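Single-structure report; data block below.
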Amino acid sequence: MEDDYFSSDDDYQCSDQESMEDFEEPDFKLVTAKGPTTQVITKESLLVAQKEDLRKVMDMLSVREHHARTLLIYHRWDVEKLFSVYVDRGKAFLFAEAGVTVDEHRASDSSLSSSIMCDICMEDVPSDESTRMDCGHCFCNNCWTEHFIVKINEGQSKRIRCMAHKCNAICDEAVVRTLVSKKQPDMAEKFERFLLESYIEDNKRVKWCPSTPHCGNAIRIEDDQLCEVECSCGLQFCFSCLSEAHSPCSCLMWELWAKKCRDESETVNWMTVHTKPCPKCHKPVEKNGGCNLVSCICGQAFCWHCGGATGREHTWTSIANHSCGRYKEDQEKKSERAKRDLYRYMHYHNRYKAHTDSFKLESKLKETIQEKVAISEGKDSKVRDYSWVNNGLGRLFRSRRILSYSYAFAFYMFGDELFKDEMTEKEREIKQHLFEDQQQQLESNVERLSKILEEPFDQFADSKIMEIRMQVINASVIIDNLCQKMYECIENDLLGCLQLGTHSIAPYKSKGIERASELQVCWTNKANDTGGTEEVDRPSGSGSSDESGYPSRKRARKDDIGVGLFDLNLPAAEVVDRN
């Protein structure tokens, strides 16, 4: 029997070794065919991340970098979708749809006359003061520059179209940068900034970390968008809605629950149940005595039963010249329903708050547990490995969080707000009993594990420590299985049976929320595939060492920026001429 326990400890230690932030992680990592599913994109690696997708398109379609960027921006940086359109519809359709023109009319500049007439301003200008785009349309540089500046100010800098009538071609970003920088260098910096950040703003697989203050990182996922991730700054959040990690609640459920807990909707419910409005000033009045003739602070007297204005004369049995003995069904039903909704909300909110408070208090156990482990390891004892304590504590934290959010899920799953027409009363009752049975089993085992971990094992003998060790391991395995079954019940028996498939939850992970790995930065010089010149391996929209025109939601970082790198959160210190 003891051998089986030791086997369970080894398996559990392997699965939970990475659950605690402050404890040492194993040297090895699980290697899969696809590599890490989530990656952190920092200010240094943003250029590299963008370059990866650009290089794929450039190699596949044999196009220049700005053409590859135009294609990717149109398809919201979805390389697989771009290649799918290319295979299904062909290269001509792909280019025409995205506004890419590969017939370079500018190669015939030698045939141009010494001057041309601009069709925009209707003036003759020297040919060296005009610019011809890939689509073949040629206008003077002043008109092009004004056109570019207007589009950048309008927020259309990522896809600036040609000025010609009904021309769908996208202007060359190098031309935009060159012309705008001559007249308004700050605007050119803003243009480059938008090009760079389009990789995050328009990419469904990449989102900014919602930390406050902003850490400057973005998270890129490789697989399912419905997941919960952990940034390198330590923040855990839902990748789909960017709120805190909230499974087993769906994003809509958590949005409604957070709003319900934040605003004063339940205060209004309480006032509906316990107060009545004055018929004169309409302020809520609470009755503090047994008499049904109530007086407001404005001086108006009214009947507590019906809320009608009355005089002040009354006897023990009735109010003078007033009678409201007739039953009003609608008003009575409204009051009873408000009272029932209030009590139901209080039931789920109290249990949600209880587990949330327990999680905060148990988080303080980490330091106490570490002190106990340090004392136990310093003693002359046969027990040397205390990783089961850390693993059990990590399991307790994760299961406590799941329990707290499960009450918010139950509030909406078995209420009338979201799924009133999806289930009959009989079906709702059966499913509610099924879910609550699993919830109670998980709750009892979580409380048992919490009690075991609070034991002063640093003062016990070796035999007692081994007994506690077995209890922690067994409780942890049971809790893991119960959490898995609860998620399967939610996905298959509850949400899976709904006709409207608008509610989905992040999958359960025994090891906890995955911590994103940082995308490695490796600057190398590569030869340009099309031009034959040597360039630094970064996109042309990278700009100078610092960038301006950053979004207003960005916040200044505290760390300094090294030479050769630019920070996404700092304005430009100077402008570099790229002409």
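Being more than 27 Å from Q440 (Cβ to Cβ), without any contact (Cβ under 8 Å) to a residue 60 or more places away in the chain and among the basic types (K, R): is that true of R337 here?
yes
Mind checking whether some residue in the range 90-103 is modelled with pLDDT under 90 and of a type in the set (S, T, N, Q)?
Within the range 90-103 (the criterion being modelled with pLDDT under 90 and of a type in the set (S, T, N, Q)), the answer is yes, since at least one residue qualifies.
Among the residues of the range 153-166 satisfying the criterion of being closer than 22 Å to L71 by Cβ and more than 38 Å from the chain's Cα centre (by Cα), which is least open to solvent (accessible area, probe 1.4 Å)?
The extreme case among them is A164.
When you look at L453, is it of a type in the set (A, V, I, L, M) and either in contact (Cβ under 8 Å) with a residue 60 or more places away in the chain or surrounded by 16 or more Cβ atoms within 10 Å (Cβ to Cβ) (or both), yes or no?
Against the criterion (of a type in the set (A, V, I, L, M) and either in contact (Cβ under 8 Å) with a residue 60 or more places away in the chain or surrounded by 16 or more Cβ atoms within 10 Å (Cβ to Cβ) (or both)), L453 qualifies.
Scan K364, K360 and give me the residue that is open to solvent by 90 Å² or more (accessible area, probe 1.4 Å) and either modelled with pLDDT under 80 or over 30 Å from K464 (Cβ atoms) (or both).
None of the others qualify; the one that does is K364.
Among the candidates V176, V150, V180, which residue alone is open to solvent by 10 Å² or more (accessible area, probe 1.4 Å), modelled with pLDDT of 90 or more, more than 18 Å from the chain's Cα centre (by Cα) and farther than 22 Å from E52 by Cβ?
On inspection, the qualifying residue turns out to be V150.
Looking for something in contact with a helix residue (DSSP H, G or I) (Cβ under 9 Å, 6 or more places away or on another chain), in contact (Cβ under 8 Å) with a residue 60 or more places away in the chain and of a type in the set (V, I, T) - is there at least one such residue anywhere in the range 155-164?
Within the range 155-164, none of the residues are in contact with a helix residue (DSSP H, G or I) (Cβ under 9 Å, 6 or more places away or on another chain), in contact (Cβ under 8 Å) with a residue 60 or more places away in the chain and of a type in the set (V, I, T).
How many residues, within the range 273-290, are modelled with pLDDT under 80 and open to solvent by less than 60 Å² (accessible area, probe 1.4 Å)?
Residues in the range 273-290 being modelled with pLDDT under 80 and open to solvent by less than 60 Å² (accessible area, probe 1.4 Å): 2 in total.
How many residues, within the range 116-147, are surrounded by fewer than 17 Cβ atoms within 10 Å (Cβ to Cβ) and either assigned to a loop (DSSP other than H, G, I, E, B) or among the basic types (K, R) (or both)?
6
Do you know which residues across the range 43-78 are open to solvent by less than 20 Å² (accessible area, probe 1.4 Å) and either among the β-branched types (V, I, T) or not in a helix (DSSP H, G or I) (or both)?
Hits for the range 43-78 are S45, V57, V63, T70, I73, H75, W77.
If I go through the range 414-450 residue by residue, how many of them are over 30 Å from G392 (Cα atoms), open to solvent by 50 Å² or more (accessible area, probe 1.4 Å) and without any contact (Cβ under 8 Å) to a residue 40 or more places away in the chain?
Within the range 414-450, residues that are over 30 Å from G392 (Cα atoms), open to solvent by 50 Å² or more (accessible area, probe 1.4 Å) and without any contact (Cβ under 8 Å) to a residue 40 or more places away in the chain number 9.
Of all residues in the range 353-403, which are of a type in the set (A, V, I, L, M, F, W, C) and within 20 Å of Q459 (Cα to Cα)?
Scanning the range 353-403 gives L365, I369, V373, A374, I375, V383, W388, V389, L393.
Which condition does L195 not pass, out of (1) assigned to a loop (DSSP other than H, G, I, E, B); (2) touching a Gly at 6+ places or on another chain (Cβ under 9 Å); (3) among the hydrophobic types (A, V, I, L, M, F, W, C), if it passes all the others?
Every listed condition holds for L195 apart from (1).
Say whether the condition of being of a type in the set (S, T, Y), open to solvent by 50 Å² or more (accessible area, probe 1.4 Å), on the phi < 0 side of the Ramachandran plot and part of a helix (DSSP H, G or I) is met by at least one residue in the range 466-481.
no
The values are calculated or read from the model by the stated rules, or taken from the named source; none is laboratory data. A quick note: this is a predicted structure, and the numbers were derived from the prediction, not measured. Note that we place each Cβ from the backbone using ideal geometry, even for glycine, and neighbour counts take in every protein chain shown. Just so you know, the surface numbers come from the protein's heavy atoms only, side chains and all, with ligands and any DNA or RNA stripped out. Shrake-Rupley method; radii C 1.70, N 1.55, O 1.52, S 1.80 Å.
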